[in-house]
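Colleague: Provided herewith is a single structure, encoded as structure tokens, for subsequent inquiry.
Please treat every number below as a calculation from the coordinates, not as lab data. Here the structure is a predicted model, which means the values were calculated and not measured. As a convention, Cβ positions derive from the backbone with ideal geometry for all residues, glycine included, and neighbour counts pool all protein chains shown.
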Amino acid sequence: MAIRILTPAGSLVKFTDTDVEHCVFGTVKMNLPVFEPEDVAFQFVLDTDTIEEADALAVFGSGVVTLSINGSLGLLAIPSGQLERFRIGDKQVLYNFTGGLTGFDTVVVIDECFDLQIDVAVDSGYSFNSTPFERINEYKSCFTSVLDYNNDDNAFGFNYCATESIVDPPPDGGGPCPPDPEPTICTPLRIAFTNMSSMLIPYTTGMLDMYGTMPTVQIWIYEDNGELVLYTLEAKLDAYPPTELRLDFGGNSSGVVIIK
């Protein structure tokens with residue numbers, strides 16, 4: 001049994017083949033500059049040999065997959081809530097990291113190189129290290145740009161609908177690349193609520209087919225000025241896979257629940 005890590009071909013942040021093949025200089029190491037914690041976001045997939053291994057990855061609150069920053073001042077664990085999980089196949093779990101490197105400046109000094117480490121506590125344990133980064137100062141940041149990409153469909157090797165697998169391209173001489181998959185349209189479910197303090201939403205078979213066993217649930221609440229604001233309220237799932245979603249709005253509120 002084994003667990004492998006896969007990254008989109010177009011991703012700058014990689015956990016396999018982290019060296020860059022330059023057409024003139026050959027194999028080189030490229031440090032990605034980081035100025036603000038929010039400069040870093042990426043995806044990866046853990047690909048397993050067995051369904052049971054994927055089940056272990058997908059258990060809510062299990063903490064079997066952790067992300068850490070390796071710096072000269074120590075090792076800093078990233079809060080597990082910043083690593084979103086989506087089951088995209090019997091033997092694959094997709095992870096989205098969009099929360100930013102919270103507290104990275106406490107373990108990494110300016111001009112220091114560091115990397116990210118993913119530890120997987122399944123079987124005998126696995127560890128994967130990322131492309132190297134470098135913390136830069138405000139003067140160097142004037143000469144860098146942050147590439148920010150998002151999409152409503154699965155495209156360019158990135159997965160947003162949790163319905164297609166991410167595969168690494170074959171190495172040189174390893175045969176032709178697989179054909180591009182057909183795009184998948186993400187159609188979220190929107191449920192409006194008025195003057196409610198909580199909500200229980202049955203998670204039907206149709207919703208399971210559409211949004212998978214680990215849906216993303218967003219809660220938007222109307223403010224006094226009439227604007228909808230995304231709140232970081234908790235949506236509890238009763239089981240895995242879920243049969244119902246339990247939402248607590250923290251008091252009587254009106255707004256929209258989005259499931260995708």
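Colleague: In nanometres, what is the gap between the two model label sites at A192 and A121, each 7 Å from Cα along Cα-to-Cβ?
Modeller: 4.5 nm
Colleague: Order these by the 10 Å Cβ neighbour count, fewest first: I201, I258.
Modeller: I258, I201
Colleague: Next question. Sort L73, L57, L200 by Cβ crowding within 10 Å, fewest neighbours at the top. Could you put the intermediate results ahead of the total?
Modeller: Numbers: L73 13, L57 21, L200 10.
The order, fewest Cβ neighbours first, is L200, L73, L57.
Colleague: Using alpha carbons only, what's the Rg to Rh ratio of the stretch 189-259 with Rh from Kirkwood?
Modeller: That ratio is 0.98, to two decimals.
Colleague: Which cross-chain or sequence-distant (5 or more) residues have an amide H under 5 Å from the amide H of T216, H modelled 1.01 Å from N in plane?
Modeller: K260
Colleague: Provide the net charge surrounding D49, with neighbours chosen by a C-beta distance below 14 Å and charges set as Lys +1, Arg +1, Asp -1, Glu -1. The partial results should precede the final answer.
Modeller: Values: positive: R4, K91; negative: D47, E52, E53, D55, D90, D123.
Computed value for this residue: -4.
Colleague: Order these by the 10 Å Cβ neighbour count, fewest first: L228, L116.
Modeller: L228, L116
Colleague: Translational D (Stokes-Einstein, µm²/s) of the stretch 3-141 at 4 °C and 1.567 mPa s when Rh comes from the Kirkwood sum over C-alpha pairs? Present the calculation step by step, with values, prior to reporting the outcome.
Modeller: Working: Rh = 15.9 Å.
In µm²/s, the coefficient rounds to 82.
Colleague: Once the Cβ-Cβ distance between D209 and Y149 is put in as r, and R0 is 30 Å, what FRET efficiency do you end up with, to the nearest 0.05?
Modeller: 0.60
Colleague: For K29, give me every one of the lysines with a C-alpha distance below 27 angstrom, ignoring sequence neighbours fewer than eight places off in its own chain.
Modeller: Leaving aside lysines fewer than 8 places away in the same chain, those within reach of K29 are K14, K140.
Colleague: Here's a follow-up. Which of the peptides 240-246, 90-96 is most tightly packed, and how do the rest follow, judged by the mean count of other Cβ atoms within 10 Å per residue?
Modeller: Packing order, densest peptide first, comes out as 90-96, 240-246.
Colleague: Still on this model: Quick one: Karplus J couplings for the stretch 112-125, per residue in order, coefficients 6.51, -1.76, 1.60, θ = phi - 60°, nearest Hz, x for Gly and Pro?
Modeller: For the stretch 112-125, the Karplus-derived couplings read 8, 8, 8, 9, 9, 10, 9, 10, 10, 8, 10, 6, 8, x Hz, x marking Gly and Pro.
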